[in-house]
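Single-structure report; data block below.
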Amino acid sequence: MVCAIYGVLLFLNQQTGLMIEASASWLFVFPVLIYTAMSGPKSGAIVGVAMALMTFLLGGFTTWFYSWTSLITGYVYGLGLFYQWRNMTNFLICLVFSVLSNVCTVVVWSYLFGYDLVSEFESFRAIIPFIDMGVFIILFVAFLSLLQALCIHLVSLMICIRMHLPYRPLTPISQQKSSKVVGIVSLFIWGIFFLSQNVIECSKGVLDIIMLIWLFDCALLLYYGVIYFMYHSIKHNNRQFSFLAIFLAFVPGINLLWMLMGELDCLFQLRKKV
């Protein structure tokens, strides 16, 4: 049955002009993931090989790449569910395979797959003119891989709940702790970033490294900011604000407040004092 579901995905992908692999290739993960989680490594491997052979019949060259990388990711993640690995371990597995897949797509096979990376970079540079193309490629791969890993991880847990499969529940928001070390290190990162932009003269390569570290630190503080506001929305039983706590984190300008609250929560452990 899962092979039939996988075949339907391949058929729909062909009939929609490769829309699935272009916009949501991570959907290919779930058939082999579910079967491996239910039946174990040997049965999952047999089904995975069968799905890989089906791809020759119902897919082209690009579909082979997207589906095979998805099958490997789904099989390994299914092993994690079968053996009850930690959620963070399963998420990191998805993240690593997503990064490798996107690096191959964007960097190695960009011309074969029809990516015009230069034009995409120029349109992005019109919004943020000070960013370098190398930094843009790294951010593009990292952000896309993170979103794919989150989709696979969260949808997999939802499927396990619906199908009554054994799984490790996510850590509640109230038990997720902020790190004072992250808050202190973030102060140094922000200080070095602003000094490198205005005071200290650095080479282009050093500036790119500093900017990457600063951007990843912003993402981490944004995460802690979302956790902080989500905690308060749950504490006061305000479900509407819980949606805004996530949505507004992606709004430029407003998300600076989220970063600030994430930094303050790391430094002063605000949630413990509530």
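The values are calculated or read from the model by the stated rules, or taken from the named source; none is laboratory data. For clarity, every value in this text was computed on a predicted model and none was experimentally measured. Ligands, DNA and RNA are stripped out before the accessible areas are found, and what is left, the full protein with its side chains, is counted by its heavy atoms. Shrake-Rupley method; radii C 1.70, N 1.55, O 1.52, S 1.80 Å.
Of the solvent-accessible surface of the chain, computed with a 1.4 Å probe over protein heavy atoms with every protein chain present, carbon and sulfur atoms account for 73 percent. Hey, what angle do you get for helix 133-163 against the long axis of the chain, alpha-carbon based, 0 to 90 degrees rounded to 10? Helix 133-163 sits at roughly 60 degrees to that axis. Per residue, the chain exposes an accessible area of 57 Å² to a 1.4 Å probe, with every protein chain left in place.
Can you give me the Rg/Rh ratio for region 1-163, using Cα atoms for both radii and the Kirkwood formula for Rh? Please list the in-between numbers first.
Values: Rg = 16.6 Å, Rh = 16.5 Å.
That ratio equals 1.01.
Note that region 221-228 has calculated 3J(HN,Hα) couplings of 5, 5, 4, 5, x, 4, 4, 4 Hz, one per residue in order, obtained from phi through the Karplus relation 6.51 cos²θ - 1.76 cosθ + 1.60 (θ = phi - 60°); glycine and proline are x. Restricting attention to the chain, lysine pairs at least eight places apart or on different chains and with alpha-carbon atoms under 30 angstrom apart total 8. Listed options for Kirkwood radius over Cα pairs in Å are (i) 21.0; (ii) 20.1; (iii) 23.2. The value calculated from this structure is the one marked (i). Ranking L95, L157 from most to least accessible surface, computed with a 1.4 Å probe over the protein chains only, gives L95, L157.
Against the longest principal axis of the chain, how steep is helix 30-39, in degrees 0 to 90 to the nearest 10, with axes from Cα atoms? Taking the Cα atoms of the chain, the angle to 30-39 is about 70 degrees. For the chain, the relative contact order works out to 15 percent when only alpha carbon pairs closer than 8 Å and six or more residues apart are counted.
Seen against the Cα atoms of the chain and their longest principal axis, helix 87-103 is set at about 80 degrees. For region 1-163, the relative contact order works out to 22 percent when only alpha carbon pairs closer than 8 Å and six or more residues apart are counted. Build a GNM of the chain with springs between Cα atoms under 10 Å apart, and of L212, L248, L79 the one that fluctuates most is L248.
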